[in-house]
Amino acid sequence: MKIANLKNRLVLVKDGRALDVESATFGAFAADPQDIYENWDAFTEWGKSADFTAAVDYTDDQLDAVVPRPRQIFAIGLNYREHAAEAGFELPTHPMVFTKFQSSIAAPQADIELPSNSVDYEVELVVVIGKQARRVSVEDAWDYVAGLTAGQDISERAVQSRGPAPQFNLAKSFPNFSPIGPVVVTPDEFADRDSIRVRTLLSDGGSTGDSTETKQDGNTSDLIFSVAELIARLSQTLTLFAGDLIFTGTPAGVAIGKQPPVFLRKGQTLVTVIDGVGELRNRLV
Ligand code: ZN
(Lines give C-alpha, C1' and ligand atoms only; values in the text may rest on other atoms or scores of the structure.)
Protein backbone atom coordinates (compact mmCIF):
# COMPACT_ATOMS: atom_id res chain seq x y z
CA MET A 1 0.00 0.00 0.00
CA LYS A 2 1.20 3.48 -0.83
CA ILE A 3 -0.01 6.84 0.45
CA ALA A 4 0.80 10.41 -0.48
CA ASN A 5 -0.11 14.00 0.33
CA LEU A 6 -1.94 15.60 -2.59
CA LYS A 7 -2.67 19.28 -1.95
CA ASN A 8 -2.66 18.73 1.80
CA ARG A 9 -5.05 15.80 1.63
CA LEU A 10 -4.26 12.17 2.37
CA VAL A 11 -4.52 9.97 -0.72
CA LEU A 12 -4.06 6.28 -1.36
CA VAL A 13 -2.08 5.83 -4.59
CA LYS A 14 -1.86 3.08 -7.15
CA ASP A 15 -0.60 3.10 -10.78
CA GLY A 16 -0.33 6.90 -10.97
CA ARG A 17 -3.80 7.48 -9.57
CA ALA A 18 -4.79 8.99 -6.24
CA LEU A 19 -7.85 8.19 -4.16
CA ASP A 20 -8.92 10.85 -1.67
CA VAL A 21 -9.18 8.98 1.62
CA GLU A 22 -11.62 11.23 3.46
CA SER A 23 -14.08 11.26 0.55
CA ALA A 24 -13.76 7.55 -0.18
CA THR A 25 -14.43 6.64 3.46
CA PHE A 26 -17.17 9.24 4.01
CA GLY A 27 -15.06 10.85 6.70
CA ALA A 28 -14.12 7.68 8.59
CA PHE A 29 -10.49 8.73 8.08
CA ALA A 30 -9.55 12.42 8.17
CA ALA A 31 -7.92 14.29 5.29
CA ASP A 32 -4.86 15.44 7.27
CA PRO A 33 -1.92 13.23 6.14
CA GLN A 34 -0.28 13.53 9.57
CA ASP A 35 -3.26 12.15 11.51
CA ILE A 36 -3.56 8.77 9.82
CA TYR A 37 -0.75 7.12 11.84
CA GLU A 38 -2.91 7.38 14.98
CA ASN A 39 -5.29 4.97 13.29
CA TRP A 40 -2.87 3.01 11.13
CA ASP A 41 -4.10 -0.57 11.58
CA ALA A 42 -7.72 0.27 10.76
CA PHE A 43 -6.58 2.39 7.83
CA THR A 44 -4.41 -0.31 6.26
CA GLU A 45 -7.23 -2.81 6.72
CA TRP A 46 -9.55 -0.51 4.75
CA GLY A 47 -6.81 0.20 2.19
CA LYS A 48 -6.53 -3.46 1.15
CA SER A 49 -9.95 -3.37 -0.50
CA ALA A 50 -10.32 0.33 -1.35
CA ASP A 51 -12.32 1.05 -4.48
CA PHE A 52 -10.28 3.20 -6.90
CA THR A 53 -13.21 4.15 -9.15
CA ALA A 54 -13.17 7.75 -7.91
CA ALA A 55 -9.35 8.07 -8.10
CA VAL A 56 -7.77 10.89 -10.11
CA ASP A 57 -4.54 11.10 -12.11
CA TYR A 58 -1.68 12.92 -10.43
CA THR A 59 2.02 13.61 -10.91
CA ASP A 60 4.75 13.78 -8.27
CA ASP A 61 5.24 17.54 -8.73
CA GLN A 62 1.75 18.07 -7.27
CA LEU A 63 2.59 16.30 -4.02
CA ASP A 64 3.34 17.89 -0.67
CA ALA A 65 5.46 16.36 2.09
CA VAL A 66 3.99 12.93 2.76
CA VAL A 67 4.52 13.21 6.54
CA PRO A 68 4.11 16.95 7.03
CA ARG A 69 4.38 17.45 10.80
CA PRO A 70 6.16 14.56 12.55
CA ARG A 71 6.26 15.06 16.31
CA GLN A 72 9.87 13.84 16.42
CA ILE A 73 12.45 13.47 13.67
CA PHE A 74 15.50 11.36 14.38
CA ALA A 75 18.52 11.10 12.12
CA ILE A 76 21.38 8.67 12.41
CA GLY A 77 24.98 9.62 11.66
CA LEU A 78 27.75 7.26 10.54
CA ASN A 79 25.46 4.30 9.90
CA TYR A 80 27.29 2.91 6.85
CA ARG A 81 30.86 1.66 7.19
CA GLU A 82 32.27 3.33 4.08
CA HIS A 83 30.61 6.62 4.96
CA ALA A 84 32.05 6.56 8.49
CA ALA A 85 35.47 5.98 6.92
CA GLU A 86 35.14 8.83 4.39
CA ALA A 87 34.01 11.15 7.21
CA GLY A 88 37.11 10.17 9.16
CA PHE A 89 35.34 8.54 12.12
CA GLU A 90 35.61 5.19 13.87
CA LEU A 91 32.65 2.85 13.55
CA PRO A 92 30.05 3.66 16.21
CA THR A 93 29.21 1.12 18.89
CA HIS A 94 25.91 2.93 19.60
CA PRO A 95 23.80 4.78 17.01
CA MET A 96 24.90 8.41 16.67
CA VAL A 97 21.57 10.26 16.93
CA PHE A 98 20.62 13.86 16.15
CA THR A 99 17.43 15.63 15.09
CA LYS A 100 16.22 17.53 12.08
CA PHE A 101 13.71 20.17 13.10
CA GLN A 102 10.17 19.90 11.73
CA SER A 103 10.42 23.23 9.89
CA SER A 104 12.95 21.69 7.49
CA ILE A 105 10.46 19.15 6.05
CA ALA A 106 9.76 19.74 2.34
CA ALA A 107 7.77 18.41 -0.58
CA PRO A 108 9.34 15.82 -2.92
CA GLN A 109 9.94 18.41 -5.63
CA ALA A 110 10.45 21.53 -3.53
CA ASP A 111 13.19 23.96 -4.51
CA ILE A 112 16.02 24.08 -1.98
CA GLU A 113 17.70 27.41 -1.34
CA LEU A 114 21.44 27.07 -0.78
CA PRO A 115 22.49 29.33 2.11
CA SER A 116 26.20 28.91 1.34
CA ASN A 117 28.74 27.15 -0.85
CA SER A 118 29.20 24.25 1.55
CA VAL A 119 25.89 22.40 1.29
CA ASP A 120 26.00 18.61 0.99
CA TYR A 121 23.59 15.83 0.03
CA GLU A 122 22.78 12.63 1.97
CA VAL A 123 20.29 10.14 0.56
CA GLU A 124 18.54 8.23 3.34
CA LEU A 125 15.85 5.63 3.74
CA VAL A 126 13.30 7.19 6.11
CA VAL A 127 11.19 5.09 8.49
CA VAL A 128 7.70 6.26 9.44
CA ILE A 129 6.60 4.98 12.86
CA GLY A 130 3.10 3.46 12.90
CA LYS A 131 2.41 3.13 16.61
CA GLN A 132 3.81 4.21 19.93
CA ALA A 133 6.99 2.32 20.78
CA ARG A 134 8.70 2.04 24.15
CA ARG A 135 11.36 -0.59 24.93
CA VAL A 136 10.52 -2.82 21.99
CA SER A 137 12.74 -5.74 21.04
CA VAL A 138 14.62 -6.05 17.76
CA GLU A 139 12.37 -9.01 16.90
CA ASP A 140 9.18 -6.96 17.32
CA ALA A 141 10.50 -3.65 15.95
CA TRP A 142 9.13 -3.91 12.40
CA ASP A 143 5.60 -4.17 13.86
CA TYR A 144 5.99 -0.51 14.81
CA VAL A 145 6.77 0.65 11.27
CA ALA A 146 3.95 2.15 9.19
CA GLY A 147 6.07 2.44 6.09
CA LEU A 148 9.21 3.63 4.37
CA THR A 149 9.89 6.72 2.33
CA ALA A 150 12.80 8.50 0.65
CA GLY A 151 14.58 11.45 2.18
CA GLN A 152 17.55 13.75 1.85
CA ASP A 153 19.41 14.87 4.94
CA ILE A 154 20.73 18.09 3.39
CA SER A 155 23.64 19.37 5.45
CA GLU A 156 25.42 22.72 5.70
CA ARG A 157 28.92 21.52 6.54
CA ALA A 158 30.35 24.83 7.79
CA VAL A 159 27.61 25.22 10.41
CA GLN A 160 27.84 21.53 11.25
CA SER A 161 31.48 21.84 12.31
CA ARG A 162 31.27 25.35 13.77
CA GLY A 163 32.12 25.86 17.42
CA PRO A 164 33.74 23.69 20.04
CA ALA A 165 31.18 20.87 19.51
CA PRO A 166 29.32 19.89 16.31
CA GLN A 167 26.01 21.58 15.44
CA PHE A 168 24.29 18.76 13.54
CA ASN A 169 20.71 19.77 14.40
CA LEU A 170 21.08 23.34 13.15
CA ALA A 171 23.22 22.51 10.13
CA LYS A 172 20.64 20.03 8.87
CA SER A 173 17.52 22.12 9.49
CA PHE A 174 17.62 25.07 7.11
CA PRO A 175 14.26 25.51 5.27
CA ASN A 176 13.57 22.58 2.91
CA PHE A 177 16.66 20.66 4.07
CA SER A 178 14.50 17.57 4.65
CA PRO A 179 12.61 16.74 1.47
CA ILE A 180 10.69 13.46 1.84
CA GLY A 181 8.37 11.33 -0.25
CA PRO A 182 6.98 11.04 -2.80
CA VAL A 183 4.99 8.30 -1.06
CA VAL A 184 5.03 6.18 2.09
CA VAL A 185 5.17 2.49 1.16
CA THR A 186 4.17 -0.24 3.61
CA PRO A 187 7.00 -2.72 4.37
CA ASP A 188 5.12 -5.68 2.84
CA GLU A 189 5.55 -4.11 -0.63
CA PHE A 190 9.32 -4.71 -0.59
CA ALA A 191 10.83 -8.02 -1.71
CA ASP A 192 13.32 -7.60 1.18
CA ARG A 193 12.61 -4.71 3.55
CA ASP A 194 16.22 -4.90 4.82
CA SER A 195 17.83 -4.62 1.39
CA ILE A 196 16.80 -1.47 -0.45
CA ARG A 197 18.93 0.43 -2.97
CA VAL A 198 19.35 4.15 -2.24
CA ARG A 199 20.93 6.66 -4.63
CA THR A 200 21.75 10.32 -5.08
CA LEU A 201 22.09 11.63 -8.63
CA LEU A 202 23.05 15.17 -9.51
CA SER A 203 21.91 16.76 -12.72
CA ASP A 204 23.58 19.89 -14.03
CA GLY A 205 20.33 20.98 -15.62
CA GLY A 206 22.02 22.80 -18.49
CA SER A 207 20.00 23.87 -21.52
CA THR A 208 22.03 21.64 -23.85
CA GLY A 209 20.71 18.49 -22.25
CA ASP A 210 21.19 17.22 -18.74
CA SER A 211 24.35 15.52 -17.67
CA THR A 212 23.51 13.40 -14.67
CA GLU A 213 26.10 11.93 -12.36
CA THR A 214 25.58 9.28 -9.70
CA LYS A 215 26.98 10.53 -6.40
CA GLN A 216 25.80 7.88 -3.96
CA ASP A 217 24.74 4.30 -4.61
CA GLY A 218 24.18 2.24 -1.50
CA ASN A 219 21.99 -0.47 -0.07
CA THR A 220 20.32 -0.60 3.34
CA SER A 221 21.65 -4.14 3.78
CA ASP A 222 24.93 -2.34 4.62
CA LEU A 223 23.47 -0.38 7.55
CA ILE A 224 25.54 -0.79 10.72
CA PHE A 225 22.34 -0.47 12.81
CA SER A 226 19.39 -1.90 10.87
CA VAL A 227 15.91 -0.39 10.92
CA ALA A 228 14.87 -2.88 13.61
CA GLU A 229 18.01 -2.17 15.68
CA LEU A 230 17.40 1.57 15.50
CA ILE A 231 13.81 1.27 16.70
CA ALA A 232 14.80 -1.10 19.50
CA ARG A 233 17.68 1.08 20.67
CA LEU A 234 15.91 4.45 20.37
CA SER A 235 12.88 3.08 22.21
CA GLN A 236 15.10 1.95 25.11
CA THR A 237 15.79 5.62 25.80
CA LEU A 238 12.64 7.42 24.73
CA THR A 239 9.13 6.96 23.38
CA LEU A 240 8.59 6.86 19.63
CA PHE A 241 5.20 8.18 18.53
CA ALA A 242 3.01 7.31 15.56
CA GLY A 243 4.01 9.58 12.68
CA ASP A 244 7.60 10.10 13.87
CA LEU A 245 10.41 9.83 11.32
CA ILE A 246 13.81 8.15 11.50
CA PHE A 247 16.37 9.12 8.84
CA THR A 248 18.48 5.97 8.89
CA GLY A 249 21.83 7.35 7.70
CA THR A 250 23.61 7.87 4.41
CA PRO A 251 26.01 5.69 2.40
CA ALA A 252 29.40 6.82 1.07
CA GLY A 253 29.81 9.40 -1.67
CA VAL A 254 28.93 12.68 0.04
CA ALA A 255 30.70 15.87 -1.05
CA ILE A 256 32.59 16.35 2.21
CA GLY A 257 34.21 12.94 1.71
CA LYS A 258 35.94 14.10 -1.51
CA GLN A 259 39.36 15.79 -1.81
CA PRO A 260 38.58 18.59 -2.37
CA PRO A 261 34.85 18.57 -1.52
CA VAL A 262 32.50 19.29 -4.43
CA PHE A 263 29.44 20.86 -2.82
CA LEU A 264 26.01 21.55 -4.31
CA ARG A 265 25.63 24.46 -6.72
CA LYS A 266 22.72 26.64 -7.77
CA GLY A 267 21.06 25.45 -10.97
CA GLN A 268 21.64 21.78 -10.30
CA THR A 269 18.82 19.32 -9.65
CA LEU A 270 19.29 16.88 -6.80
CA VAL A 271 17.68 13.55 -7.64
CA THR A 272 17.08 11.03 -4.86
CA VAL A 273 16.07 7.52 -5.85
CA ILE A 274 14.98 4.76 -3.50
CA ASP A 275 13.95 1.52 -5.14
CA GLY A 276 10.35 0.64 -4.40
CA VAL A 277 9.57 4.15 -3.17
CA GLY A 278 10.27 6.51 -6.05
CA GLU A 279 12.26 9.68 -6.48
CA LEU A 280 12.64 13.19 -5.17
CA ARG A 281 13.66 15.95 -7.58
CA ASN A 282 14.83 19.12 -5.89
CA ARG A 283 16.11 22.11 -7.84
CA LEU A 284 18.88 24.01 -6.04
CA VAL A 285 18.31 27.75 -6.05
ZN1 ZN B 1 22.37 11.98 7.45
When ligands, DNA and RNA are left out and all protein chains stay put, how many square angstrom of accessible area per residue does the range 2-58 have with a 1.4 Å probe? 53 Å²
Helix 227-237 axis, angle to the chain major axis (alpha carbon atoms, nearest 10°): 90 degrees
Pick out, from SER23, ALA42, ALA55, the residue whose Cα sits farthest towards the positive end of the charge dipole of the range 2-58, with +1 on the Cβ of Lys and Arg and -1 on the Cβ of Asp and Glu. ALA55
Under the Karplus relation 6.51 cos²θ - 1.76 cosθ + 1.60, θ = phi - 60°, what is the ordered set of whole-Hz ³J(HN,Hα) values for the range 47-52, x standing for Gly and Pro? x, 4, 10, 4, 8, 8
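For the range 64-190, what Kirkwood radius comes out of the mean inverse Cα-Cα distance, in Å? Display every interim value, and only then the final one.
Numbers: mean 1/r = 0.0636 Å⁻¹.
Every distinct Cα pair counted, the radius reaches 15.7 Å.
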Sum -39500 (n - 2.57) across every DSSP H segment of at least 4 residues in the chain, then divide by the residue count to get the 222 nm mean residue ellipticity, nearest 500. -3000 deg cm²/dmol
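Quote the convex hull volume per residue of the range 173-242, based on C-alpha atoms, as a whole number of Å³.
Values: hull volume 11.9 nm³, N = 70.
Taking only Cα atoms, the range 173-242 has a hull volume of 171 Å³ per residue.
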If you take all C-alpha pairs in the chain, what percent of them are over 33 Å apart? 19 percent
I'd like the carbon and sulfur percentage of the solvent accessible area for the range 64-283, probe radius 1.4 Å, heavy atoms only, ligands and nucleic acids excluded. 47 percent
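The values are calculated or read from the model by the stated rules, or taken from the named source; none is laboratory data. If you're wondering where the values come from, they're calculated on a predicted model, not measured in any experiment. Note: ideal-geometry Cβ built from the backbone for every residue, glycine included; neighbour counts use all protein chains shown. What goes into the accessible areas is simple: the full protein's heavy atoms, side chains included, and nothing from ligands, DNA or RNA. Shrake-Rupley method; radii C 1.70, N 1.55, O 1.52, S 1.80 Å.
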